[in-house]
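Novice: Here it is: the structure, laid out below.
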Number of protein chains: 2
Amino acid sequence: MATHKTPPIDPLTLEVVDLIGTVVARYHEEYEDAASEHALTGAQARLLSLLSLEPLPMRRLAQKLKCEPSNVTGIVDRLEARGLVERRPDPADRRVKLAAATAEGLRVARSLRESLRFAREPLAGLSREERVVLRGLLTRMLSP
Amino acid sequence: MATHKTPPIDPLTLEVVDLIGTVVARYHEEYEDAASEHALTGAQARLLSLLSLEPLPMRRLAQKLKCEPSNVTGIVDRLEARGLVERRPDPADRRVKLAAATAEGLRVARSLRESLRFAREPLAGLSREERVVLRGLLTRMLSP
DNA sequence: TCTAATACTTCAGTAACTGAAACAACCATG
DNA sequence: CATGGTTGTTTCAGTTACTGAAGTATTAGA
(Lines give C-alpha, C1' and ligand atoms only; values in the text may rest on other atoms or scores of the structure.)
Protein backbone atom coordinates (compact mmCIF):
# COMPACT_ATOMS: atom_id res chain seq x y z
CA MET A 1 0.00 0.00 0.00
CA ALA A 2 3.04 2.24 0.20
CA THR A 3 3.84 1.88 -3.49
CA HIS A 4 2.17 4.56 -5.58
CA LYS A 5 2.86 6.38 -8.79
CA THR A 6 3.88 9.39 -6.72
CA PRO A 7 7.23 8.88 -5.05
CA PRO A 8 6.81 9.01 -1.30
CA ILE A 9 7.85 12.41 -0.04
CA ASP A 10 10.03 12.23 3.03
CA PRO A 11 8.74 13.75 6.27
CA LEU A 12 11.48 16.37 6.44
CA THR A 13 10.56 17.78 3.06
CA LEU A 14 6.89 17.75 3.95
CA GLU A 15 7.71 19.65 7.10
CA VAL A 16 9.67 22.29 5.22
CA VAL A 17 6.91 22.66 2.64
CA ASP A 18 4.44 23.08 5.42
CA LEU A 19 6.58 25.76 7.01
CA ILE A 20 6.75 27.59 3.71
CA GLY A 21 2.98 27.42 3.55
CA THR A 22 2.82 29.02 6.96
CA VAL A 23 5.25 31.75 5.93
CA VAL A 24 3.10 32.44 2.89
CA ALA A 25 -0.04 32.66 4.98
CA ARG A 26 1.61 34.97 7.52
CA TYR A 27 3.04 37.17 4.82
CA HIS A 28 -0.31 37.54 3.13
CA GLU A 29 -2.13 38.26 6.30
CA GLU A 30 0.26 41.02 7.24
CA TYR A 31 0.22 42.46 3.77
CA GLU A 32 -3.57 42.62 3.65
CA ASP A 33 -3.67 44.12 7.11
CA ALA A 34 -1.15 46.80 6.18
CA ALA A 35 -3.11 47.54 3.02
CA SER A 36 -6.44 47.88 4.74
CA GLU A 37 -4.93 50.16 7.37
CA HIS A 38 -4.48 52.51 4.45
CA ALA A 39 -7.95 51.78 3.08
CA LEU A 40 -6.45 49.89 0.18
CA THR A 41 -7.25 46.42 -1.10
CA GLY A 42 -4.42 43.97 -1.67
CA ALA A 43 -4.50 44.46 -5.42
CA GLN A 44 -4.48 48.24 -5.06
CA ALA A 45 -1.55 48.09 -2.65
CA ARG A 46 0.46 45.89 -4.97
CA LEU A 47 -0.18 48.13 -7.94
CA LEU A 48 0.62 51.29 -6.01
CA SER A 49 3.84 49.76 -4.74
CA LEU A 50 4.92 49.03 -8.29
CA LEU A 51 4.16 52.60 -9.33
CA SER A 52 6.05 54.02 -6.37
CA LEU A 53 9.24 52.91 -8.10
CA GLU A 54 8.47 54.26 -11.56
CA PRO A 55 5.53 55.07 -13.84
CA LEU A 56 4.48 52.13 -15.97
CA PRO A 57 2.24 51.53 -18.98
CA MET A 58 -0.98 49.73 -18.21
CA ARG A 59 0.20 46.76 -20.16
CA ARG A 60 3.38 46.31 -18.11
CA LEU A 61 1.32 46.56 -14.96
CA ALA A 62 -0.83 43.70 -16.18
CA GLN A 63 2.28 41.64 -16.87
CA LYS A 64 3.77 42.33 -13.47
CA LEU A 65 0.51 41.59 -11.70
CA LYS A 66 -0.11 38.56 -13.91
CA CYS A 67 -3.60 39.55 -14.89
CA GLU A 68 -5.49 40.86 -17.90
CA PRO A 69 -5.01 44.47 -18.95
CA SER A 70 -8.74 45.05 -18.70
CA ASN A 71 -8.44 44.27 -15.02
CA VAL A 72 -5.74 46.85 -14.49
CA THR A 73 -8.03 49.49 -15.94
CA GLY A 74 -10.43 49.08 -13.05
CA ILE A 75 -7.80 49.04 -10.33
CA VAL A 76 -6.14 52.18 -11.69
CA ASP A 77 -9.57 53.79 -12.05
CA ARG A 78 -10.22 53.38 -8.36
CA LEU A 79 -6.78 54.58 -7.33
CA GLU A 80 -7.12 57.52 -9.68
CA ALA A 81 -10.50 58.42 -8.21
CA ARG A 82 -8.73 58.71 -4.85
CA GLY A 83 -5.95 60.85 -6.23
CA LEU A 84 -3.21 58.30 -5.56
CA VAL A 85 -2.43 57.60 -9.19
CA GLU A 86 -2.74 59.52 -12.42
CA ARG A 87 -2.67 58.61 -16.09
CA ARG A 88 -0.23 60.41 -18.35
CA PRO A 89 0.19 60.15 -22.07
CA ASP A 90 3.38 58.49 -23.23
CA PRO A 91 5.17 61.01 -25.43
CA ALA A 92 6.84 58.21 -27.36
CA ASP A 93 3.68 56.27 -28.20
CA ARG A 94 0.29 57.85 -28.18
CA ARG A 95 -1.47 54.52 -27.69
CA VAL A 96 0.16 54.06 -24.32
CA LYS A 97 -1.03 55.48 -21.03
CA LEU A 98 1.48 55.67 -18.26
CA ALA A 99 0.14 55.16 -14.79
CA ALA A 100 2.12 57.15 -12.23
CA ALA A 101 1.82 57.59 -8.49
CA THR A 102 0.92 61.11 -7.43
CA ALA A 103 2.74 62.83 -4.56
CA GLU A 104 -0.02 61.59 -2.26
CA GLY A 105 0.28 58.14 -3.77
CA LEU A 106 4.00 58.09 -3.06
CA ARG A 107 3.33 59.12 0.50
CA VAL A 108 0.83 56.31 0.99
CA ALA A 109 3.17 53.80 -0.66
CA ARG A 110 5.99 54.75 1.67
CA SER A 111 3.76 54.54 4.70
CA LEU A 112 2.55 51.15 3.51
CA ARG A 113 6.09 49.92 3.14
CA GLU A 114 6.95 51.09 6.62
CA SER A 115 3.96 49.44 8.22
CA LEU A 116 4.94 46.13 6.67
CA ARG A 117 6.20 44.76 9.92
CA PHE A 118 7.19 41.53 8.26
CA ALA A 119 10.43 43.22 7.34
CA ARG A 120 11.48 43.54 10.94
CA GLU A 121 9.73 41.23 13.35
CA PRO A 122 10.00 37.74 11.95
CA LEU A 123 13.62 38.18 11.09
CA ALA A 124 14.34 39.77 14.42
CA GLY A 125 15.12 36.44 16.00
CA LEU A 126 17.79 35.59 13.48
CA SER A 127 21.42 36.58 13.79
CA ARG A 128 23.33 38.14 10.96
CA GLU A 129 25.01 34.83 10.12
CA GLU A 130 21.68 33.06 10.06
CA ARG A 131 20.26 35.62 7.69
CA VAL A 132 23.16 35.02 5.37
CA VAL A 133 22.48 31.29 5.45
CA LEU A 134 18.76 31.86 4.92
CA ARG A 135 19.48 34.13 1.98
CA GLY A 136 21.65 31.46 0.43
CA LEU A 137 19.10 28.71 0.87
CA LEU A 138 16.19 30.76 -0.46
CA THR A 139 18.25 31.89 -3.42
CA ARG A 140 19.14 28.32 -4.35
CA MET A 141 15.53 27.32 -3.83
CA LEU A 142 14.31 29.98 -6.23
CA SER A 143 16.87 29.72 -9.01
CA PRO A 144 16.57 26.28 -10.52
CA MET B 1 18.85 63.08 5.00
CA ALA B 2 19.62 59.59 6.25
CA THR B 3 18.09 60.22 9.66
CA HIS B 4 14.45 59.26 9.78
CA LYS B 5 11.98 58.04 12.34
CA THR B 6 12.22 54.56 10.87
CA PRO B 7 15.47 52.85 11.75
CA PRO B 8 17.39 52.13 8.58
CA ILE B 9 16.95 48.51 7.57
CA ASP B 10 20.17 46.86 6.59
CA PRO B 11 20.58 45.61 3.01
CA LEU B 12 20.91 41.98 4.03
CA THR B 13 17.56 41.99 5.79
CA LEU B 14 15.97 43.76 2.86
CA GLU B 15 17.36 41.12 0.56
CA VAL B 16 15.97 38.29 2.67
CA VAL B 17 12.58 39.97 2.91
CA ASP B 18 12.59 40.37 -0.83
CA LEU B 19 13.41 36.69 -1.28
CA ILE B 20 10.55 35.76 0.99
CA GLY B 21 8.30 37.93 -1.14
CA THR B 22 9.44 36.00 -4.19
CA VAL B 23 8.80 32.69 -2.46
CA VAL B 24 5.31 33.87 -1.57
CA ALA B 25 4.63 34.92 -5.15
CA ARG B 26 5.91 31.65 -6.56
CA TYR B 27 3.91 29.63 -4.07
CA HIS B 28 0.73 31.46 -4.90
CA GLU B 29 1.26 31.19 -8.59
CA GLU B 30 1.73 27.45 -8.42
CA TYR B 31 -1.22 27.02 -6.11
CA GLU B 32 -3.55 28.96 -8.38
CA ASP B 33 -2.26 27.05 -11.39
CA ALA B 34 -2.82 23.72 -9.70
CA ALA B 35 -6.30 24.82 -8.67
CA SER B 36 -7.31 25.99 -12.11
CA GLU B 37 -6.05 22.76 -13.64
CA HIS B 38 -8.85 21.22 -11.66
CA ALA B 39 -11.29 23.97 -12.63
CA LEU B 40 -11.22 25.32 -9.10
CA THR B 41 -10.62 28.84 -7.89
CA GLY B 42 -8.06 29.42 -5.17
CA ALA B 43 -10.71 29.86 -2.51
CA GLN B 44 -12.51 26.71 -3.58
CA ALA B 45 -9.25 24.75 -3.55
CA ARG B 46 -8.37 25.95 -0.06
CA LEU B 47 -11.79 25.07 1.28
CA LEU B 48 -11.82 21.67 -0.37
CA SER B 49 -8.36 20.93 1.04
CA LEU B 50 -9.60 21.69 4.51
CA LEU B 51 -12.57 19.40 4.05
CA SER B 52 -10.41 16.60 2.69
CA LEU B 53 -9.09 16.16 6.23
CA GLU B 54 -12.42 16.21 8.04
CA PRO B 55 -15.95 17.58 7.76
CA LEU B 56 -16.33 20.99 9.36
CA PRO B 57 -19.17 23.30 10.35
CA MET B 58 -19.55 26.36 8.16
CA ARG B 59 -18.54 28.54 11.02
CA ARG B 60 -15.20 26.78 11.53
CA LEU B 61 -14.52 27.04 7.82
CA ALA B 62 -14.98 30.79 8.02
CA GLN B 63 -12.57 30.94 10.93
CA LYS B 64 -9.94 28.86 9.17
CA LEU B 65 -10.27 30.86 5.96
CA LYS B 66 -10.40 34.13 7.90
CA CYS B 67 -13.53 35.40 6.24
CA GLU B 68 -17.20 35.98 7.02
CA PRO B 69 -19.52 32.98 7.34
CA SER B 70 -21.78 34.44 4.67
CA ASN B 71 -18.89 34.14 2.28
CA VAL B 72 -18.41 30.46 3.00
CA THR B 73 -22.03 29.86 2.10
CA GLY B 74 -21.34 30.87 -1.48
CA ILE B 75 -18.13 28.91 -1.88
CA VAL B 76 -19.71 25.76 -0.49
CA ASP B 77 -22.76 26.38 -2.72
CA ARG B 78 -20.59 26.29 -5.81
CA LEU B 79 -18.62 23.24 -4.70
CA GLU B 80 -21.84 21.50 -3.79
CA ALA B 81 -23.32 22.29 -7.20
CA ARG B 82 -20.38 20.40 -8.69
CA GLY B 83 -20.78 17.45 -6.39
CA LEU B 84 -17.46 17.91 -4.62
CA VAL B 85 -18.91 18.84 -1.26
CA GLU B 86 -22.12 18.10 0.57
CA ARG B 87 -23.90 19.57 3.57
CA ARG B 88 -24.90 17.27 6.39
CA PRO B 89 -26.88 18.04 9.49
CA ASP B 90 -24.93 17.93 12.71
CA PRO B 91 -26.70 15.36 14.91
CA ALA B 92 -25.51 17.15 18.03
CA ASP B 93 -26.76 20.63 17.11
CA ARG B 94 -29.48 21.18 14.59
CA ARG B 95 -28.34 24.72 13.90
CA VAL B 96 -25.05 23.48 12.51
CA LYS B 97 -24.43 22.28 8.98
CA LEU B 98 -21.35 20.19 8.43
CA ALA B 99 -19.67 20.60 5.10
CA ALA B 100 -18.00 17.38 3.98
CA ALA B 101 -16.06 16.40 0.88
CA THR B 102 -17.79 13.78 -1.26
CA ALA B 103 -15.87 10.82 -2.66
CA GLU B 104 -15.34 12.80 -5.81
CA GLY B 105 -14.25 15.79 -3.75
CA LEU B 106 -11.67 13.69 -1.95
CA ARG B 107 -10.37 12.46 -5.26
CA VAL B 108 -9.99 16.01 -6.58
CA ALA B 109 -8.35 17.13 -3.35
CA ARG B 110 -5.78 14.36 -3.54
CA SER B 111 -5.04 15.08 -7.18
CA LEU B 112 -4.68 18.76 -6.30
CA ARG B 113 -2.23 17.94 -3.56
CA GLU B 114 -0.17 15.80 -5.90
CA SER B 115 -0.01 18.40 -8.61
CA LEU B 116 1.38 20.93 -6.15
CA ARG B 117 4.84 20.70 -7.57
CA PHE B 118 6.14 23.18 -5.06
CA ALA B 119 6.63 20.27 -2.71
CA ARG B 120 9.27 18.72 -4.91
CA GLU B 121 10.93 21.05 -7.36
CA PRO B 122 12.09 24.09 -5.43
CA LEU B 123 13.48 21.97 -2.65
CA ALA B 124 15.11 19.61 -5.10
CA GLY B 125 18.32 21.61 -5.16
CA LEU B 126 18.79 21.40 -1.42
CA SER B 127 20.60 18.61 0.35
CA ARG B 128 19.17 16.89 3.37
CA GLU B 129 21.41 18.89 5.71
CA GLU B 130 20.33 22.12 4.07
CA ARG B 131 16.69 21.24 4.51
CA VAL B 132 17.30 20.66 8.18
CA VAL B 133 18.93 24.08 8.45
CA LEU B 134 16.10 25.69 6.50
CA ARG B 135 13.53 24.03 8.71
CA GLY B 136 15.28 25.40 11.75
CA LEU B 137 15.49 28.91 10.42
CA LEU B 138 11.88 29.03 9.26
CA THR B 139 10.71 27.62 12.56
CA ARG B 140 12.56 30.27 14.54
CA MET B 141 11.26 32.90 12.13
CA LEU B 142 7.66 31.85 12.70
CA SER B 143 7.59 31.26 16.41
CA PRO B 144 8.48 34.50 18.13
C1' DT C 1 -40.67 30.36 29.73
C1' DC C 2 -38.61 34.26 27.75
C1' DT C 3 -34.53 36.06 26.30
C1' DA C 4 -29.95 36.27 24.55
C1' DA C 5 -26.53 34.09 21.99
C1' DT C 6 -25.27 31.06 18.12
C1' DA C 7 -25.32 29.04 13.24
C1' DC C 8 -26.52 29.60 8.95
C1' DT C 9 -28.60 31.96 4.91
C1' DT C 10 -30.17 35.78 2.10
C1' DC C 11 -29.57 40.11 0.21
C1' DA C 12 -27.46 44.37 -1.26
C1' DG C 13 -23.22 46.32 -2.72
C1' DT C 14 -18.16 46.46 -3.99
C1' DA C 15 -13.81 44.66 -5.88
C1' DA C 16 -11.22 41.57 -8.64
C1' DC C 17 -11.00 39.09 -12.39
C1' DT C 18 -11.73 37.01 -17.40
C1' DG C 19 -12.64 37.11 -22.34
C1' DA C 20 -14.69 39.33 -26.25
C1' DA C 21 -15.38 43.30 -28.85
C1' DA C 22 -14.30 48.13 -30.09
C1' DC C 23 -11.18 51.85 -30.98
C1' DA C 24 -7.01 54.33 -31.84
C1' DA C 25 -2.33 54.51 -33.05
C1' DC C 26 1.66 52.27 -34.69
C1' DC C 27 4.29 49.76 -38.23
C1' DA C 28 5.61 46.95 -42.12
C1' DT C 29 4.96 45.58 -46.72
C1' DG C 30 3.92 46.09 -51.26
C1' DC D 1 1.89 56.13 -49.06
C1' DA D 2 -1.82 53.26 -48.61
C1' DT D 3 -3.53 49.42 -46.19
C1' DG D 4 -3.73 45.73 -43.38
C1' DG D 5 -2.07 43.50 -39.29
C1' DT D 6 -0.53 44.32 -34.62
C1' DT D 7 -0.53 46.58 -30.20
C1' DG D 8 -2.38 49.28 -26.06
C1' DT D 9 -6.27 50.59 -23.80
C1' DT D 10 -10.97 50.66 -22.64
C1' DT D 11 -15.79 48.99 -22.35
C1' DC D 12 -18.97 45.47 -21.46
C1' DA D 13 -21.07 41.25 -19.76
C1' DG D 14 -20.56 37.76 -16.63
C1' DT D 15 -18.43 35.11 -12.56
C1' DT D 16 -16.39 34.80 -8.02
C1' DA D 17 -15.02 36.51 -3.61
C1' DC D 18 -15.93 39.20 -0.15
C1' DT D 19 -18.37 42.35 3.59
C1' DG D 20 -22.06 43.76 6.62
C1' DA D 21 -26.84 43.93 7.76
C1' DA D 22 -30.97 41.61 8.24
C1' DG D 23 -33.66 37.39 8.81
C1' DT D 24 -34.66 32.52 10.46
C1' DA D 25 -33.79 28.53 13.30
C1' DT D 26 -32.10 26.46 17.25
C1' DT D 27 -29.88 26.26 21.56
C1' DA D 28 -28.83 27.71 26.18
C1' DG D 29 -29.35 30.44 30.20
C1' DA D 30 -31.83 33.34 33.85
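The values are calculated or read from the model by the stated rules, or taken from the named source; none is laboratory data. As the structure is a computational prediction, the values presented were derived from the model and not from experiment. Cβ sites come from the backbone with ideal geometry, for glycine too, and all protein chains shown count toward neighbours. We work out accessible area using only protein heavy atoms, side chains counted, and drop any ligands, DNA or RNA first. Shrake-Rupley method; radii C 1.70, N 1.55, O 1.52, S 1.80 Å.
Novice: If the viscosity is 1.002 mPa s and the temperature 20 °C, what Stokes-Einstein diffusion coefficient in µm²/s follows for the protein assembly as shown when Rh is the Kirkwood radius over Cα pairs?
Specialist: 99 µm²/s
Novice: When the convex hull of the Cα atoms of the stretch A:64-120 is projected onto a plane and the area is averaged over all directions, what value comes out in nm²?
Specialist: Average of the hull's projected areas for the stretch A:64-120 equals 5.2 nm².
Novice: Also, quick follow-up: Taking all protein chains as present, what is the carbon and sulfur share of the accessible area of the protein assembly as shown, in % to the nearest whole number, probe 1.4 Å?
Specialist: Within the protein assembly as shown, the accessible surface is 55 percent carbon and sulfur.
Novice: Here is a further query. Which value, in Å³ per residue, describes the convex hull spanned by the Cα atoms of chain A?
Specialist: It comes to 189 Å³ per residue, whole-number rounded.
Novice: Label points 7 Å out from Cα along the Cβ direction at B:Arg135 and A:His38: separation in nm?
Specialist: Distance between label points: 3.8 nm.
Novice: Can you check what the net charge comes to around A:Asn71, using other residues whose Cβ is under 13 Å from the Cβ of A:Asn71 (Lys, Arg +1; Asp, Glu -1)?
Specialist: Once all neighbours under 13 Å are counted, the net charge is +3.
Novice: Between B:Ala25 and B:Asp93, what FRET efficiency follows from the Cβ-Cβ distance if R0 is 45 Å, with the result rounded to 0.05?
Specialist: For R0 = 45 Å, the calculated efficiency reads 0.60.
Novice: Something else about it: Go through the stretch A:69-86 residue by residue and turn each phi into a ³J(HN,Hα) via Karplus (6.51, -1.76, 1.60, θ = phi - 60°); whole Hz please, and just put x for glycine and proline.
Specialist: Taking θ as phi minus 60°, the curve returns x, 5, 6, 4, 3, x, 5, 5, 3, 5, 5, 5, 4, 9, x, 8, 9, 9 Hz for the stretch A:69-86.
Novice: Same structure again: Would you mind pulling out the separation of the Cα centroids of the stretch A:14-69 and the stretch A:83-110, in Å?
Specialist: 19 Å
Novice: Amide H of B:Leu116: which non-local residues (sequence gap of 5 or more, or other chain) have their own amide H closer than 5 Å, using H built in the peptide plane?
Specialist: Under 5 Å from the amide H of B:Leu116 lies no amide H from a residue far enough along the sequence or on another chain.
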